[in-house]
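Comments concern the structure below.
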Amino acid sequence: MKDRLIKIKEQASAALQNITSKQELESFRIEFLGKKGCLTEALRSMGGLSAEERPAIGKLVNDVRSFIEAEIETLSDRLDKEELLKKLEQEKIDITMPGKKRPLGKRHPLTTVLDELTDIFIGMGFTIAEGPEIELDYYNFEALNIPKGHPARDTQDTFYINDSVLLRTQTSPVQIRVMENNKPPIKIIAPGRVYRSDAVDATHSPLFHQIEGLVVDKGITMGDLKGTLDAFCKKLYGESIKTRFRPHHFPFTEPSCELDISCPACNGSGCRVCKDEGWIEILGAGMVHPKVLEICGIDSSVYSGFAFGIGLERTVMRRFGIDDLRLFYENDLRFLRQF
Amino acid sequence: MRVPLSWINDYVDIEDISPRDYAAALTMSGSMVERIECRGDNIINVVTGRILKIKRHPDADKLVVCEVDVGGETVQIVTGATNMKEGDCVAVAKDGATLPDKKIKKGMLRGVESFGMMCSEDELGLTKERAEGIMILPPDTPLGVDIRDYLELNENIAEFEITSNRPDCLSVIGLARETAVTFGRGFSVKTPKVTESGGDIKDFISVEVLDPDLCPRYCCRVVKNVRIAPSPAWMKKRLEDSGVRSINNIVDITNYVMLEYGQPMHAFDLKTLEGGKIIVRRAAEGERMTTLDGEKRELDTDTLVIADGRRPVALAGIMGGENSEIQDTTATILFESANFNGISVRASAKKAGLRTESSARFEKGLDINLAPAALDRACELVCELGAGEIVSGVIDVCAPIPQKKEIAFDPDYINKFLGTDIDREFMENALTALEFEVREKSVVVPSFRADIEGGADLAEEIARLYGYNKIPSTLYIGAATLGGKSEKQRAEDLIRDTLTSLGFYEIITYSFVSPKIYDKLNLPKDDYIEIANPLGEEQSIMRTTAIGSALEALAVNYNHRNENVSLFELATTYKKGGEKGLAIEKQEIVIAMYGDDTDYYSIKGAVEQLFESFGINNYDIEPESNNPVFHPGQTAVISLRRKRAAVLGRIHPSVLKNFEINKQAYVAVIDFDLLLECKKLEKKYKPLPKYPAVTRDLALVVPDDVNVRSIEDIVKKVKSDITESFSLFDVYKGKQVEEGFKSVAYSLTFRALDRTLTDDEVNSVMDKILSELKQKLNAKLRL
Ligand SMILES: [Zn+2]
């Protein structure tokens, strides 16, 4: 009996060596441990043993069973792992194939950059004002110290609706409307569409966008104008950008200036972008003309202020290297997708 | 304004300053120098030469072959020019030469080699007009000399951009003054000396100014024994360097003085002035004259003219007339130097469509004191050039000269305004150099500075000479303002966020359109706002709807074969009837799309999701079958608070055809204001349910013309605390359903917040719903 059990164990060990699949393992289990398996049969024949022999043989039977069960479990685990590895191997894909994209729209590049500019000014405590595009001559010109017959009117070719109504040529009339309706302190920007009767080409458009800025309070100085616009330029173009304030003339500011930044393309050494100047003009600004304050009912002996105007299209063109203004208004997806 | 630097140097010594430094300094002190250039900058490898021989071209009648001596070397040049003869001196662009508009390379002309080109004046950039034939140089021209040296094209010329408030700087003297102040150097203008040679001007002419408001000053002198001749070389060169063509000594003198003093002048042939009279008056209505440019002009009473006893002889301050023009035979001339009202000159020049160097100066407002000085300078030049003799006496008809302005001068105010700490001495020196008379608490403004009116103007003068960039930058610390966007601006952001995340691209289109857009849209003409002076019909009216703009954008994309296109615009429309004659400007949201799998439900889905992002989940929707822009069977109108909030649907095929879009396109137009008015953006947390839901399907057969919205309205109205939601999952028409009916299947979800529902509870609600549907819509349960 003892020999028989030892032989079963040896047979089992040998058989296990040849098993390569879960199926074979199951047949093996049935062969050795099943109801009709050889170990069960060996157990059945224990009936013929003496009472003295029984405990020793019983223990041996259990040992062999435990041994086989343990072996089956080990092998089963191993086979599971192998099978999983095989499956994973089969599931290998070409990870360089194109991804499945969800459709995604985008803001117009003019809006994207405008958002960026407004965020900078909002961060500095500005609110956003708006005004009509079809505007009174009074707000667009007269209240801005550009009376009828003033030569400055010639530099802004104007679309008229009638003698007193026009398409605003600048966002500056919003300044007047804001000052008429609000007491200082005033700190606003006013982005919007403006119109000039320029025929369309790569650098001209009868419609474009400006961002007007206005600050009015007690004790505002030209130094404040410089500081604010310096900070704006550094936020927009980076800390290393240099600024230059150059005298200019606008009828509604005095003193007036244009602001140049060091050319971002060549760092100021001169290149095609800046026409070898090293500087690029980005906006016009100045101290609000005392006459303009008075027209709006603000006492110019108590209050002062500064104003500025930024051309959005030119800012966006510089940002992305766009060389044709017309693209903004054609709305070709091949263009819009790029930003 | 173009000025050769040597001319400036006549008044202020700048010889030691490099052109680059000069440009930078003047730009930063307020006289912007656009560039400094030499006329010869773009002329390389062009030399003087002499034509030795001219032979016929063997194969071309219109060409000749020339042998040209270019200084010790003879080159063969083939040309089509005919104005030269053997022995003539010419400018030769050799092989590899550069001219302003081209590069010259040797080549074959009808089989004969040519090693360069003989240049005309326009090819050398010496004149803008097209020259007749090549330029013939004087016979004693030395050969092989660089043409830039020979023609003196090496002068540095500054191109200034002068702002409209500084007409005084439209002159060499004005710019020399700015130069002197910028560099802190001396500057002086000599008073011109006129040598009179007897006679009395009163015997030649009388002057009457009928409209002194339009002509505050009229000065003139008479020159007799005039000898019309070419100007001397130095004057020609200065004029040409300044961009003015030389004509003859008298005309050149008027131009020279205009450039130098900034005072436009005019010369009349005295013999042509009838009645020995100059009358400065408004033109009579319908009066005619032909100006020097050969244009016949009909005048009106708003235009000031210079007339003789009978007729106009010049448009005041703009251009002279042909009838009194200087001729080669002119013996006696009248020099006019006057001051005209800027606004009037501007209006007349605009009306005539004629802007001249003269009108451009007058319209900015000139110093009334300039007229006599310039007149004397012109006569001084006449004497200097030997161009005639000055009759004794000046006529000067002058309205009272306004007193010089005296304005307050307060260094403290200026420093406070600028944010600086500039001492009084610096300010005084700067202002004195600019010819202000500085007093204790005020300054007297020079008469040529009409732009200076108050303290802010003085601050600018100080600041630009002190240096804008030396003003310390400070950050304004005032009352803290709370920056941010308005509710409306935040709503615009929300629209952009929602629609871009749904795959729509934002577009920006023109606000003006063609009136034909209404035809293209099948719409009747709207009562739109017209632009009085449009660029063209295409952009002549302000749009009252933005649908056309969106369809045009779709058409552009269709044209470029972009396959799936989803666009939106936050578009402004303009309607009559605003306050004070202005427009009612309203924003609409236009969504437009075409592409694969795009149908009515795609555009509806977008609108619904946009509404949801505004917290709007309930709205009325009705079919709209009579909208001419849209398909009659695939169009809906959505209402909010009983107001029309949106129209959406498929574009009518005939409209698509008008826009040349050969694909089904879908558009929605949403009223932005109404959306804003109805928004519900406050969000409140609802606890997540603790008890399970019960789901039941409801499959119905209803008549074909019942729309699902009416089913849903009934389901919603059935009173129940436990109906949580329902959703459509199938609509079927076909074999298994009776003709004229369709099958509609919903999934309904029931839930109670405080307990698990029993079947009985759910059944009872389902029964109620079904019976309502049976009764109201003739619905049957599908078995
Ligand atoms: Zn550069």
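For the stretch A:183-223, a tally of residues being of a type in the set (G, A, S), away from chain B (no Cβ under 11 Å) and open to solvent by 10 Å² or more (accessible area, probe 1.4 Å) returns 1. If you go through the stretch B:511-532 and keep only what is out of contact with any Asp or Glu (no Cβ under 6 Å at 6 or more places or on another chain), of a type in the set (S, T, Y) and in a loop (DSSP other than H, G, I, E, B), you end up with B:S511, B:Y528. Considering the stretch A:275-293, the residues that are more than 16 Å from the ligand (Cβ to nearest atom) and not aliphatic (A, V, I, L, M) include one that is surrounded by the fewest Cβ atoms within 10 Å (Cβ to Cβ), namely A:K291. Report whether or not B:F750 is crowded, with 16+ Cβ neighbours inside 10 Å, assigned by TED's automatic domain parsing to the domain that holds B:R709 and of a type outside the set (V, I, T). Yes. Scanning the stretch B:503-517 for residues that are surrounded by 20 or more Cβ atoms within 10 Å (Cβ to Cβ) and more than 7 Å from every other protein chain (Cβ to nearest Cβ) yields B:F512, B:V513, B:I517. The set of residues in the stretch A:121-141 being open to solvent by 20 Å² or more (accessible area, probe 1.4 Å), assigned to a helix (DSSP H, G or I) and either more than 10 Å from every other protein chain (Cβ to nearest Cβ) or modelled with pLDDT of 95 or more (or both) consists of A:Y138 alone. Counting only strands (runs of 3 or more DSSP E) that sit completely within the stretch B:635-720, those holding 2 or more residues that are modelled with pLDDT under 95 correspond to B:694-703. Filtered by the rule that a residue be open to solvent by less than 30 Å² (accessible area, probe 1.4 Å) and either among the β-branched types (V, I, T) or without any contact (Cβ under 8 Å) to a residue 24 or more places away in the chain (or both), the stretch B:273-285 gives B:I278, B:I279, B:V280.
For residues that are among the polar types (S, T, N, Q) and under 21 Å from B:K416 (Cβ atoms), scanning just the stretch A:287-318, find the one that is nearest to the other protein chains (Cβ to nearest Cβ). Can you show your working first?
The initial filter retains those residues of the stretch A:287-318 that are among the polar types (S, T, N, Q), namely A:300-301, A:304, A:315.
Within this subset, residues satisfying the condition of being under 21 Å from B:K416 (Cβ atoms) are A:300-301, A:304.
On the way: A:S300: 8, A:S301: 9, A:S304: 6 Å.
Step by step, filter the stretch A:287-318, then rank; the result is A:S304.
Check whether at least one residue in the stretch A:252-264 is away from the ligand (no atom under 16 Å from the Cβ) and out of contact with any Lys or Arg (no Cβ under 9 Å at 6 or more places or on another chain), and report yes or no. For the stretch A:252-264, residues away from the ligand (no atom under 16 Å from the Cβ) and out of contact with any Lys or Arg (no Cβ under 9 Å at 6 or more places or on another chain): present. Scanning the stretch A:274-318 for residues that are without any contact (Cβ under 8 Å) to a residue 12 or more places away in the chain, not charged (D, E, K, R) and not in a helix (DSSP H, G or I) gives A:C274, A:S300, A:S301. Here the stretch A:319-339 is the region considered, the condition is being in a helix (DSSP H, G or I) and open to solvent by less than 30 Å² (accessible area, probe 1.4 Å), and the residue that is farthest from the other protein chains (Cβ to nearest Cβ) is A:F335. Residues considered: B:E530, B:E552, B:E569, B:E585. Of these, the only one that is open to solvent by 30 Å² or more (accessible area, probe 1.4 Å) and more than 8 Å from chain A (Cβ to nearest Cβ) is B:E552. Kindly indicate the residue of the stretch A:142-169 that is within 41 Å of the chain's Cα centre (by Cα) and under 21 Å from B:R166 (Cβ atoms) and also modelled with the lowest pLDDT among those meeting that condition. Among them, the one singled out is A:T155. Among the residues making up the stretch B:507-528, those that are touching a residue at least 40 places away in the same chain (Cβ under 8 Å) and within 26 Å of the chain's Cα centre (by Cα) are B:I507, B:I508, B:T509, B:S511, B:Y528. Annotation note: of A:R244, A:R272, the sole residue that is within 16 Å of the ligand (Cβ to nearest atom), open to solvent by 10 Å² or more (accessible area, probe 1.4 Å) and closer than 17 Å to B:L418 by Cα is A:R244. Selection over the stretch A:87-111 of residues that are more than 38 Å from the chain's Cα centre (by Cα) and either surrounded by 10 or more Cβ atoms within 10 Å (Cβ to Cβ) or on the phi > 0 side of the Ramachandran plot (or both) gives a count of 0.
Of the strands (runs of 3 or more DSSP E) lying entirely inside the stretch B:40-129, those containing at least 3 residues that are open to solvent by 40 Å² or more (accessible area, probe 1.4 Å) span B:44-56, B:89-98.
The values are calculated or read from the model by the stated rules, or taken from the named source; none is laboratory data. Note that this is a predicted model, so its numbers are computed, not measured. Positions of Cβ are backbone-derived with ideal geometry, glycine not excepted, and every protein chain shown enters the neighbour counts. For accessibility, only protein heavy atoms count, side chains too; no ligands or nucleic acids. Shrake-Rupley method; radii C 1.70, N 1.55, O 1.52, S 1.80 Å.
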